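The values are calculated or read from the model by the stated rules, or taken from the named source; none is laboratory data. Being a predicted model, the structure only gives us computed values, none of them experimental. Because the Cβ atoms are built from the backbone with ideal geometry, glycine has one as well, and the counts that use them run over all protein chains shown. For the accessible areas, the whole protein counts, side chains as well, though only heavy atoms, and no ligand, DNA or RNA atoms are used. Shrake-Rupley method; radii C 1.70, N 1.55, O 1.52, S 1.80 Å.
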Amino acid sequence: MKLTRVPSLKSAEDFRRHAAGLGIELPCDDQILMGSASPLAQPVEGVSVNGKRIGNRWAVQPMEGWDATTRGGITEPMLRRWQRFGQSGAKLICGGEAMAVRPDGRANPNQFVINEENKKGLATLRERLVAEHQQRHGTTEDLVIGFQLTHSGRFCKPHDHGRPEPRVAYRHPILDRRFGVSCQEQVWTDSEVETLTADYIQAARIAWEVGADFVDLKHCHGYLLHEFLGARTRSGKYGGTFENRTRILREIVSGIRADGNRIELAVRLSAFDSVPFRPDPALSRPGKPGPGIPEDFSHCLPYHYGFGVKAADPLEYDLSETVEFIGLCRGLGVKVLNLTAGSPYYNPHIQRPAAYPPSDGYQPPEDPLIGVARQVNAVRQIKGHAGGLLVVGSAYSYLQEFLPQVAQAVLRHGWTDLVGIGRMVLAYPDIFTDALAKGRLAARRICRTFSDCTTAPRNGLISGCYPLDAYYSSRPEFGELKRLKAG
Ligand SMILES: Cc1cc2nc3c(=O)[nH]c(=O)nc-3n(C[C@H](O)[C@H](O)[C@H](O)COP(=O)(O)O)c2cc1C
């Protein structure tokens, strides 16, 4: 497939023509609107979070850096990343980064752990962000900050980047083979789940004491709580029926409230999924993965091994349980619903559309704009069922030059409440300020989705924007990354 590169589209009209040619619906305004004329600059009315009105429609997505100490504590690169989140001007910090609720739940030995030992460090991270935001943007009264709580489940590697230590919700006919699950002892018992709930409650208390406005109870990307949502084949009280598969969320929320903790709640949800993909072996060369193709799932039909997929055709999504889950969230008093999709480990083109694959990925099986539109349109459908929940959309970074023009159009149409940005903020934290103040972007700072921010950690290096951020390109890791990519 020959990709039309986004920078080769010279106008909004070119962009719209290209999108129409792909058969997707992605609105794009002619110009970036500036100042108060922009839908992106409007405060969020009608819903407050921890008594605050969110000051604009930009959200920074949670972005971890694989850069904590091996005891899960803060480091200078983390402080800098949080400072840049504050610098961005986004008024919703939608989780900061994934924080493991216990050390053995880490996705890598350098993931932040939210516990008593690291509490002071967490306060410092938050303070650094708030101070930078105050200095650059004049007020923090309308700045809302959450912490994302996670257990990595199937993707745990708490001790060694090279040693998976998966703990899963259920046996998966395709993923088990890929991620080293081979025996029943790796499946959570019901009584183990009960101790996990206590870890979430404790983490939420620490978040509250440190001054977070909310905690995000992460249900996405194949991590543990997301996997439980799809645990149809599990027996016992946490598997099978929808009620059982969502029991953990209900128990965590009631536990947080029983603890006297009034912190607000968010959920980041993979609204839909797909089957695992892999590089097409027929078109792959050593060091050069071919385009992604679905793993053979013919032996797993009807497909009962995911959340938000059609059992008869798991390449298609089905939002009926997603909508039911969102109703549950609303009933539990969740305020913010941050929607994403798929998983970076087994179908990255669904989760973070990119022109260039990470080292453990595959060449795009479709134009990545189709991936952006898939998420934007799923969010649009879900928004109609969200009631009073604040909806945040994901996967906008691949839009590059056209990000603000698409974002403002999507907001004007009411397809989402806030636009969440991930990779672009690592590369170009001033994108929001430039868009609103100058009406144009600095082309050389735009994220081109080279995926180095993923390739580096897949190979045990810290994450960051190596191509565009001198802080990373001047580090010795950059040389190692280049060698890895060449070899
Ligand atoms: C380096 C990196 C770190 C990420 N860390 C997290 C994380 O800690 N928690 C999370 O929910 N998503 C994480 N994501 C996913 C992003 O939040 C976001 O959903 C994804 O990058 C797609 O949005 P984008 O197109 O704006 O980048 C990460 C993505 C990248 C590339």
Next item on the list: Can you tell me the FRET efficiency between Leu301 and His413 if r is taken as the Cβ-Cβ distance and R0 is 60 Å, rounded to the nearest 0.05?
Entry: 0.95
Margin query: Once each part is reduced to its C-alpha centroid, what is the distance from the stretch 68-109 to the stretch 119-156 in angstrom?
Written below: 8 Å
Check: Rounded to a whole number, what % of the accessible area of the stretch 35-135 do carbon and sulfur atoms account for, probe 1.4 Å?
Finding: 48 percent
Check: How would you classify the stretch 329-467 from its alpha-carbon gyration tensor, with a ≥ b ≥ c the square roots of the eigenvalues: rounded for a/c under 1.5, else prolate if a/b is greater than b/c, otherwise oblate?
Finding: oblate
Next item on the list: Please get the size of the charge dipole for the chain, origin at its Cα centre, with Cβ charges of +1 on Lys and Arg and -1 on Asp and Glu, quoted in debye to the nearest 20.
Entry: 760 debye
Next item on the list: Measure off 7 Å from each Cα along the Cα-to-Cβ vector at Arg71 and Arg177, then give the distance between these two points in nanometres to one decimal.
Entry: 4.3 nm
Checklist line | Gyration tensor verdict on the stretch 266-345 (Cα atoms; rounded if a/c is under 1.5, prolate if a/b is larger than b/c, oblate otherwise) | finding: oblate
Next item on the list: Could you check how much of the accessible area of the stretch 159-202 is carbon and sulfur, as a whole percent, using a 1.4 Å probe?
Entry: 52 percent
Margin query: Starting from the 7 Å offset along Cα-to-Cβ, what nm value, one decimal, do you get for the label separation of Glu141 and Arg17?
Written below: 4.9 nm
Next item on the list: Figure the gain on full extension for Asn261 and Ala442 (residue separation times 0.36 nm, minus the Cα-Cα span) and round it to one decimal in nm.
Entry: 60.8 nm
Notebook entry, point to check: Gain in length, Glu117 to Ser284, computed as 0.36 nm per residue apart minus the alpha-carbon separation, to one decimal in nm?
Noted result: 55.5 nm
Next item on the list: Any chance you could run the full-extension gain for Leu3 through Tyr356? It's 0.36 nm times the residue separation minus the Cα-Cα distance, nm to one decimal.
Entry: 126.0 nm
Next item on the list: Could you work out how far the C-alpha centroid of the stretch 309-371 sits from that of the stretch 188-224, in angstrom?
Entry: 22 Å
Next item on the list: Specify whether the C-alpha gyration tensor of the stretch 165-213 places it in the rounded, prolate or oblate class, a ≥ b ≥ c being the square roots of the eigenvalues: rounded for a/c under 1.5, otherwise prolate if a/b is larger than b/c and oblate if not.
Entry: prolate
Item checked: In the stretch 398-487, the trypsin sites (Lys or Arg not before Pro) that fall in loop regions by DSSP, at most 16 other Cβ within 10 Å -> Arg440
Margin query: For Ser397, Ser359, Ser235, give me the order by solvent-accessible area with a 1.4 Å probe, most accessible first, ignoring ligands, DNA and RNA.
Written below: Ser235, Ser359, Ser397
Notebook entry, point to check: Where the only charges are on Cβ atoms (+1 Lys, Arg; -1 Asp, Glu), what is the dipole of the stretch 24-82 about its Cα centre, to the nearest 20 debye?
Noted result: 400 debye
Margin query: Under a crude label model (7 Å from the Cα following the beta-carbon direction), how far is Ser36 from Val323 in nanometres?
Written below: 3.8 nm
Check: Mean residue ellipticity at 222 nm from the helices of the chain, using -39,500 (n - 2.57) per DSSP H segment of n ≥ 4 over the full residue count, to the nearest 500 deg cm²/dmol?
Finding: -10000 deg cm²/dmol
Check: Among Lys119/Lys218; Lys120/Lys335; Lys218/Lys288, which pairs are too far apart, with a Cα-Cα distance over 23 Å?
Finding: Lys120/Lys335; Lys218/Lys288
Notebook entry, point to check: Once the Cβ-Cβ distance between Phe242 and His385 is put in as r, and R0 is 22 Å, what FRET efficiency do you end up with, to the nearest 0.05?
Noted result: 0.90
Next item on the list: Please give the per residue accessible area of the chain, computed with a probe of 1.4 Å over protein heavy atoms only, in Å².
Entry: 37 Å²
Notebook entry, point to check: Once the Cβ-Cβ distance between Ser254 and Arg330 is put in as r, and R0 is 22 Å, what FRET efficiency do you end up with, to the nearest 0.05?
Noted result: 0.90
